[in-house]
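Every number in this text was worked out from the coordinates using simple rules, so none of it is lab data. Just so we're clear, the structure is a prediction, and the values are computed from it rather than from any experiment. Neighbour counts are summed over all protein chains in view; Cβ atoms, including those assigned to glycine, are modelled from backbone coordinates with ideal geometry.
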Amino acid sequence: MNEIYLDYNASAPCDPRVVEAVAKAMTDGFGNASSAHRFGRRQAAAVSEAREQVAGLVGGQPGGVIFTAGATEANNLALGGFVAPGAEAQGRALPTVVASAVEHASVGRTAEALAVAGRCDLRVAPVTPGGFVDLEALAGIVQAIEGELLVSVMAANSETGVLNPVSETADLVHQAGGLFHCDATQMLGRLPFDMSALGCDLVSLSGHKICGPTGVGALVGTREAVASMGPTVWGGGHERGLRSGSLNVAGIVGLGVAAEIAADERAAEAERVGILRDRFVAALQGELTDVVQNGDVGQRLPNTVNLRFCGTDADAVLVNMDPVAASAGSACSTGAIEPSPVLTAMGLSRDAAFESVRFSLGRFTTESETAAAAEHVVTAVRYVRHMTTEAA
Ligand code: PMP
């Protein structure tokens, strides 16, 4: 039985070209990138090249790239680093963090934890039924805030693929005198993204979402944003003093190569994958009744579709469509009994959210795979609907 992987938004397979670069970095290179001797300098040179490659993918400056252990840590650093200078201890007003209601848990929970610890005030910006951040509501929130402000709104949602109005959000935040952090983890490598043209001050990204290694990512900031932040990991002062720890050179090399490939191949890949995604959805809707797409279908990632199979339990569908891999809710909340907070924030009922499955395609997805996957899904949905009616 051929396994079919349609869960790229959870983690994408590592590109063989990246694997080769990582293996080479691990065998040829050793030594600490901070060491002054020739071994260390070689490692530092490899890291510098990766900084250029990552900056190239996001439209930032190589000097603003802070390597981390993934997007979770990058998001923690963005928010924690913003409140770190300790405004309260210095007699300044408590800073405010505003996050959209559909941010990844590494933004949402970090913001909550910082607020509970008394390090910031937290405001949550609602989203529209289409899944976009509600700009009018956000404007109302930020205009009423005095003092330091950081707003965090993701570029593309991991569960629905819906694209936020990043440039408009950045303008609004800057008019209110705030810093704008954008979690672009799902957007990068799928659609064009240029942080300086869009007006982002801080951008998070992750290796394993762009066919690179897991456990490596980056926060990319403008010079001013990086200079205004404090550390969240203390030690030897690596990465501009914001994230100490000997650098994971092989992982960073892999992230750099993955970023370069993503920048080069993004346009062709997005077009090819978008066609496959649309054919997949058409095949399902041709065979099944009551299949609803969640989130705006016009403004979303080309690789993602979130489908509600009315009258089914998503987990039952997932189990019955094996060997096709997809997910219900975000992978990070799998196992939780709560419905997807992203879908409920968009106004879906608990029941509707529990009926929804996310399919996400990518670089190595083939046409025969999506055709076969559609057949498996149709059979699974029919079976689950049949069993549900029998049981009723
Ligand atoms: N942000 C978004 C939007 C994500 O989709 C993810 C991964 N699910 C993360 C952050 C966390 O990334 P990582 O796995 O690298 O910690």
Legend entry - Inter-label distance, nm, simple model (7 Å from Cα along the C-beta direction), D278/R92: 4.9 nm
Inset, instruction - Can you bin the chain into rounded, prolate or oblate? Criterion: square roots of the alpha carbon gyration tensor eigenvalues sorted a ≥ b ≥ c, rounded for a/c under 1.5, prolate for a/b above b/c, oblate for the rest. - result: oblate
Inset, instruction - Counting helices only, and only those DSSP H runs with n ≥ 4, report the 222 nm mean residue ellipticity of the chain as the sum of -39,500 (n - 2.57) divided by its residues, in deg cm²/dmol to the nearest 500. - result: -13500 deg cm²/dmol
Inset, instruction - Give me the number: length gained by fully extending A268 to S349, i.e. 0.36 nm times residue separation minus the C-alpha to C-alpha distance, one decimal in nm. - result: 25.5 nm
Inset, instruction - Quote the charge dipole size of the chain about the Cα centre in Debye, to the nearest 20; the model charges only the Cβ of Lys and Arg (+1) and of Asp and Glu (-1). - result: 1020 debye
Legend entry - Separation in nanometres of the label points that stand 7 Å from Cα toward Cβ, at A144 and A113: 2.8 nm
Inset, instruction - Compute the label zone of A392 within segment 277-296: residues whose backbone N is under 12 Å from the point 7 Å along Cα-to-Cβ. - result: none
Legend entry - Derived scalar couplings ³J(HN,Hα) [segment 32-44; Karplus, 6.51 cos²θ - 1.76 cosθ + 1.60; whole Hz; x for Gly, Pro]: 8, 4, 8, 6, 7, 6, 4, 5, x, 5, 5, 5, 4
Inset, instruction - Report the extension gain between E49 and R382 in nm, rounded to one decimal, defined as 0.36 nm multiplied by the number of residues separating them, less their alpha carbon distance. - result: 114.7 nm
Legend entry - Difference of contour (0.36 nm per residue) and Cα-Cα distance, V297 to H37: 88.2 nm
Inset, instruction - Give the long-range amide H neighbours of D183: residues separated by 5 or more places, or on another chain, with amide H under 5 Å away, using H modelled in the peptide plane at 1.01 Å from N. - result: V153, M154, A155, S204
Legend entry - Signed unit charges on C-beta, dipole axis of the chain, positive-most listed residue A117, V173, M346: A117
Inset, instruction - For V98, list long-range residues whose amide hydrogen, built 1.01 Å from N in the peptide plane, is under 5 Å from its own amide hydrogen. - result: R123, L150, V151, S152
Legend entry - Calculated from backbone phi, Karplus (6.51, -1.76, 1.60) coupling profile of segment 187-204 in Hz, x at Gly/Pro: 7, 5, x, 10, 9, x, 8, 10, 4, 6, 5, 7, x, 8, 8, 9, 9, 9
